[in-house]
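Working notes, beginning with the structure itself.
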Amino acid sequence: METGSRERAGMPGDEPVWRGLEPGLLRVRRLLVVVWMGVLAVVTGLPLGLLAGPAWAAFALLPPAFAAWCWRLLERNWRSWRYAERADDLLISRGVLWREETVVPYGRMQLVEVTSGPVERRFGLATVQLHTAAAATDATIPGLDPAEAERLRDRLTELGEARSAGL
């Protein structure tokens, strides 16, 4: 999961240690695409086949074709997500065509939340959401192991309190 140097992040001259997301997030997203495209294929094909004839029922093949196309795109998107803890801030990088890197200074964090919905819990995942004073800089890291999400929340909260003491 880690790329780059295994040295401690945040030391002067060191590159940040990037961490990726859990593979369970990719499985969840693929499962959701397959389920929704399967439902859409049945909802499209059944009425068209019964009311307009079997030739029109061929439109039910479009959702599975779309799901197959999304299968690969979801993996590329999943691989693009990563985060790194540095001495003064947290970096979050994502995006395939349009790369987006968010830098969240620890001293600007107001709230760090860990959430896990029913599907996430079923696959052993959690999401960390960071709230800052500026709403535009709120950041989210989905698809983390719950223990890692709690560790990250505790660390970010501790660093945020230490850095904001001087503000």
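Brief remarks on what is shown
- Filter pass, Val112 being among the hydrophobic types (A, V, I, L, M, F, W, C) and either in contact with a His (Cβ under 8 Å, 6 or more places away or on another chain) or without any contact (Cβ under 8 Å) to a residue 12 or more places away in the chain (or both): yes
- A Cβ distance below 8 Å, combined with a sequence gap of six or more or placement on separate chains, defines the contacts here; from the range 27-55, residues that are over 30 Å from Arg79 (Cβ atoms) reach no residue that is of a type in the set (Val, Ile, Thr) and modelled with pLDDT of 85 or more.
- If you go through the range 123-155 and keep only what is among the aliphatic types (A, V, I, L, M) and modelled with pLDDT of 90 or more, you end up with Leu125, Ala126, Val128, Leu130, Ile141, Leu144, Ala147, Ala149, Leu152.
- Within the range 59-71, not a single residue is under 30 Å from Asp89 (Cα atoms), at pLDDT below 85, open to solvent by 70 Å² or more (accessible area, probe 1.4 Å) and not basic (Lys, Arg).
- Pair list, Cβ under 8 Å, 6 or more apart: the range 74-102 residue open to solvent by less than 40 Å² (accessible area, probe 1.4 Å), other residue of a type in the set (Phe, Trp, Tyr) and in a helix (DSSP H, G or I): Asp89/Tyr106; Leu90/Tyr106
- Ile141 being part of a strand (DSSP E or B), aliphatic (A, V, I, L, M) and closer than 17 Å to Leu26 by Cβ: yes
- Every test in (1) crowded, with 18+ Cβ neighbours inside 10 Å; (2) modelled with pLDDT under 90 is passed by Glu120 save one, and that test is (2).
- Subset of the range 12-43 [out of contact with any Leu (no Cβ under 7 Å at 6 or more places or on another chain), of a type outside the set (A, V, I, L, M) and part of a helix (DSSP H, G or I)]: Pro23, Arg27, Trp36, Gly38
The values are calculated or read from the model by the stated rules, or taken from the named source; none is laboratory data. Fair warning: this is a prediction, and the values are worked out from it, not measured in the lab. No Cβ is skipped: glycine too gets one built from the backbone with ideal geometry, and neighbour counts run over all protein chains shown. All accessible areas refer to the heavy atoms of the entire protein, side chains included, with ligands and DNA or RNA removed. Shrake-Rupley method; radii C 1.70, N 1.55, O 1.52, S 1.80 Å.
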